[in-house]
Amino acid sequence: MFYLLNMMLMIFIILNIFMLIMFMFNLKKMKMFKKISSFECGFTMQSLTRLPMSIYFFFIAMIFLIFDVEIVLIIPMIMILKYNNFYIWMSMSMYFLIILLMSIFHEWNQMMINWNN
């Protein structure tokens, strides 16, 4: 067991040294501007700076994904209405909608849904 661990450690060290040497040899190639510049649709960028992106866009996208999944979970509940007791179905639906409303209020409380900024 000890021999195996020593062997794995030596292989790990040798591979790391090899990767470090390869990185040193390729360092000059990595500094070339054409290779590190972004390339979109066959055109070079007009300016060197990127435009800042609002974090609220990502918040809205995350909220959309969460509620989209919840809407997908509601559809089977509608389909099983004729197979289940109405009161059981209604209690499941109300429980689900309460969780949905609590999540909306939580996001509103955490200022994820803030349209003023």
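The values are calculated or read from the model by the stated rules, or taken from the named source; none is laboratory data. Nothing here was measured: the structure is a model prediction, and the numbers come from that model. Neighbour counts run over all protein chains shown; Cβ positions are idealised from the backbone, glycine included.
Structure notes:
Residue-by-condition table, conditions (1) touching a helix residue (DSSP H, G or I) at 6+ places or on another chain (Cβ under 8 Å); (2) at pLDDT below 85; (3) of a type in the set (V, I, T):
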| position | (1), (2), (3) |
| --- | --- |
| I11 | no, no, yes |
| M24 | no, yes, no |
| I36 | yes, yes, yes |
| I60 | no, yes, yes |
| Y83 | no, yes, no |
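- Boolean, F96 is modelled with pLDDT under 80, surrounded by 10 or more Cβ atoms within 10 Å (Cβ to Cβ) and touching a helix residue (DSSP H, G or I) at 6+ places or on another chain (Cβ under 9 Å): no
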